[in-house]
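Okay, so here's the structure we're looking at.
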Amino acid sequence: MEIIVEGEPKGKGRPRFTRTGHVYTPARTREYEDLIAARALEAMEGRQPIPRDVPLRVTIVAVFGVPVSWPKKKRLAALQGVLRHTRKPDYDNVGKAVCDALNGIVFEDDCQIVSGEVEKVYGPEPMLKIFIEELKEEAR
């Protein structure tokens, strides 16, 4: 399965605490996870989540836009893959936002993910490309 989410990739924000000690997810993170969830629902086309006993591999390609302020030579190097995205968000925060957003939609629980990869690259259009693959018996 493939899911495309338009826009600049974002990482999961740190949990915040109220004065009374309650923990909450920042609004920016919630909104981004809602966008990912909406694209996942479209991709699922009314299907049920993958059952919990099915192991999964998740591959995420986070495509970041090249800053317009960069010189032409540096922009070209970024688009050719010579210059890699080494800025925030961290790759693990991108993965966490995606996996949490897909919980209960694409798969029953993100504990099913037994293998995964997050790649950060530059591209002409910022987006997230998410690939979910069920691992068969022989691949386990």
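The values are calculated or read from the model by the stated rules, or taken from the named source; none is laboratory data. Just so we're clear, the structure is a prediction, and the values are computed from it rather than from any experiment. These area figures cover heavy atoms from the full protein model, side chains too; ligands, DNA and RNA do not enter into them. Shrake-Rupley method; radii C 1.70, N 1.55, O 1.52, S 1.80 Å.
Per residue, the accessible area of the chain comes to 63 Å², computed with a 1.4 Å probe over protein heavy atoms only. Close amide H contacts of HIS85 (hydrogens built in the peptide plane, cut-off under 5 Å, sequence separation of 5 or more or a different chain): TYR122. Taken over the alpha carbons of the chain as equal point scatterers, the Debye sum produces base-10 log I(q)/I(0) values at 0.10, 0.11, 0.22 Å⁻¹ of -0.39, -0.46, -1.30. Each residue of the stretch 107-117 is assigned a 3J(HN,Hα), and the resulting list reads 9, 5, 8, 5, 5, 6, 6, 10, 8, x, 8 Hz, derived from the Karplus form 6.51 cos²θ - 1.76 cosθ + 1.60 (θ = phi - 60°), x at Gly and Pro. When only Cα pairs below 8 angstrom with a gap of at least 6 residues are kept, the chain shows a relative contact order of 44 percent. To put it simply, the accessible area of the stretch 43-128 at a 1.4 Å probe is 52 percent carbon and sulfur. From helices alone, the chain scores -8500 deg cm²/dmol at 222 nm; the rule is -39500 (n - 2.57) for each run of n ≥ 4 DSSP H residues, then divide by the residue total.
Taken over the Cα atoms of the stretch 61-118, the convex hull encloses 97 Å³ per residue.
What the Cα atoms of the stretch 4-45 give is an Rg and a Dmax of 13.1, 42 Å.
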